[in-house]
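Here is the structure we will look at, set down as structure tokens.
The values are calculated or read from the model by the stated rules, or taken from the named source; none is laboratory data. The structure displayed is predicted, hence computed values, not measured ones. Positions of Cβ are generated from backbone atoms using ideal geometry, with glycine treated the same way; all protein chains shown enter the neighbour counts.
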Amino acid sequence: MIKIVTLIGARPQIIKAAALSRAIRQQFSTRLKEVIVHTGQHYDENMSKVFIDQLAIPQPDYNLNVGSGSHGRQTARMLEGIEDILLNENPGYLLVYGDTNSTLAGALAAAKIHIPVVHVEAGLRSFNKHMPEEINRIACDHISTLLFTPTLAGLNNLQHEGFDTDYRGAYTADKPGVFHCGDVMYDNSLYFSQLSANHSTICNDHHLVSDAFILCTIHRDNNTDEPGKLEDLFATLIRVAESTGKKVVLPLHPRTANVLARNLSPALYQKVQQGSAITLLPPVSFFDMIELERHCSLVMTDSGGVQKEAYFFKKPVIILRNETEWVEIVEAGAGRVCGTRQDEIMAAVEAFTLNPPQIFPEIFGDGKAAEFICRTML
């Protein structure tokens with residue numbers, strides 16, 4: 001039996017880990033043993049514990065309780081804790097997801113003591129190294145032994161960086177294996193979309209009518225921590241609601257909630273709090289998020305994961321960043337990159353309202369990515 005240490009730390013990683021844990025439990029329980037380590041990067045109960053409980057992930061065997069902090073301090077604390085756990089567990093693989101500080105810390109800790117790193121969601125590039133996520137994902141890819149990319153664009157990115165994507169031999173960090181496997185988030189969306197309607201009452205609770213509201217999420221620090229950008233975004237959201245006649249529903253990430261009063265002008269903050277254009281919600285569960293995505297007419301987000309979820313549920317998405325690693329969504333005509341520019345956002349809203357996308361090519365695999373990853377590790 002092969003022991004795998006799975007590292008999670010943020011909400012998206014918990015969701016992705018659910019697909020692998022489910023595959024191990026249902027199909028590989030006699031061949032793979034999973035040890036789960038939670039770094040505590042997302043420590044808010046609504047961003048962490050609720051997801052673990054809802055998605056039926058085994059409770060973590062370890063929790064480092066790192067919490068928030070600067071990038072350097074947070075990553076350093078994770079490195080120290082993860083290294084101790086790896087030395088104690090001596091696994092066959094360390095499995096990491098995505099592009100967070102947890103991902104980087106885990107990959108560094110494992111690679112330096114020669115434990116093979118498995119990177120799920122490899123090869124993604126925004127080509128913007130001002131984003132900490134871009135640095136994390138590049139560094140992780142280049143010290144991993146097995147790289148699983150969800151899209152052909154990710155595979156092409158790795159080829160351009162010198163990876164031999166056709167190599168099939170004895171895999172090491174020097175000669176890694178690169179595989180196009182599809183997206184584990186798509187696995188989860190197919191699996192849990194059938195359950196969400198029975199587990200979520202969020203639309204009824206907030207009197208949300210299908211196709212009569214717009215879903216928005218804002219959490220990236222270059223949007224939340226720059227008062228000018230945050231002001232522009234919320235002013236635009238009010239304008240979107242007024243022009244479409246649809247309220248904007250915005251589940252608040254803790255980072256956004258913490259800076260809203262400080263980084264919005266008093267007049268706009270009062271309008272957001274007291275007006276009818278924007279409905280602010282606390283962080284929502286995975287089932288609630290699926291229901292919001294299924295029933296909204298349009299998604300506006302700076303989240304990579306939410307961009308994909310919008311696509312899974314055949315909703316157009318306006319990307320509140322200046323670039324996206326999910327270029328296939330834009331190429332398919334289902335997404336537009338607008339940043340925080342009000343005129344571009346309004347033009348995209350109008351275009352998607354008048355002519356919503358009708359075709360959503362299957363660019364994220366067949367819903368069996370987790371099974372493929374498990375078989376490849378074995």
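Summary of values
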item	result
Selection count, segment 290-318, where residues are small (Gly, Ala, Ser) and part of a helix (DSSP H, G or I)	3
Elements of type helices (runs of 4 or more DSSP H) in segment 175-289, at least 2 residues being touching a residue at least 24 places away in the same chain (Cβ under 8 Å) and closer than 30 Å to VAL96 by Cβ	184-199, 221-224, 254-263
Criterion: surrounded by fewer than 24 Cβ atoms within 10 Å (Cβ to Cβ) and modelled with pLDDT of 95 or more - qualifying residue of ASN156, ASN128	ASN156
Yes/no for THR103 being within 22 Å of ASN157 (Cα to Cα) and buried (at least 21 other Cβ atoms within 10 Å of the Cβ)	yes
Subset of segment 3-21 that is in a helix (DSSP H, G or I) and small (Gly, Ala, Ser) - its residue that is farthest from HIS253 (Cα to Cα)	SER21
Test: residue in segment 18-31 that is more than 22 Å from SER189 (Cβ to Cβ), of a type in the set (D, E, K, R) and assigned by TED's automatic domain parsing to the domain that holds ALA56	yes
Residues satisfying the stated conditions in segment 345-375, i.e. over 23 Å from the mean Cα position of the chain (by Cα) and either within 29 Å of ALA170 (Cα to Cα) or hydroxyl-bearing (Ser, Thr, Tyr) (or both)	THR353, ARG375
Condition check for PHE148: closer than 24 Å to ARG31 by Cβ and assigned by TED's automatic domain parsing to the domain that holds ILE8	yes
Segment 124-163 - residue that is among the small types (Gly, Ala, Ser), over 30 Å from ASN88 (Cα atoms) and assigned to a loop (DSSP other than H, G, I, E, B) and, of those, nearest to the chain's Cα centre (by Cα)	SER126
Every residue from segment 90-123 that is within 18 Å of the chain's Cα centre (by Cα) and in a strand (DSSP E or B)	LEU95, VAL96, TYR97, VAL118, HIS119, VAL120
Filtered residues of segment 27-46 (kept if modelled with pLDDT of 95 or more and assigned to a helix (DSSP H, G or I))	GLN27
Matching residues in segment 318-344 - criterion: being under 15 Å from GLY305 (Cα atoms) and of a type in the set (D, E, K, R)	ARG321, GLU323, GLU325, GLU328
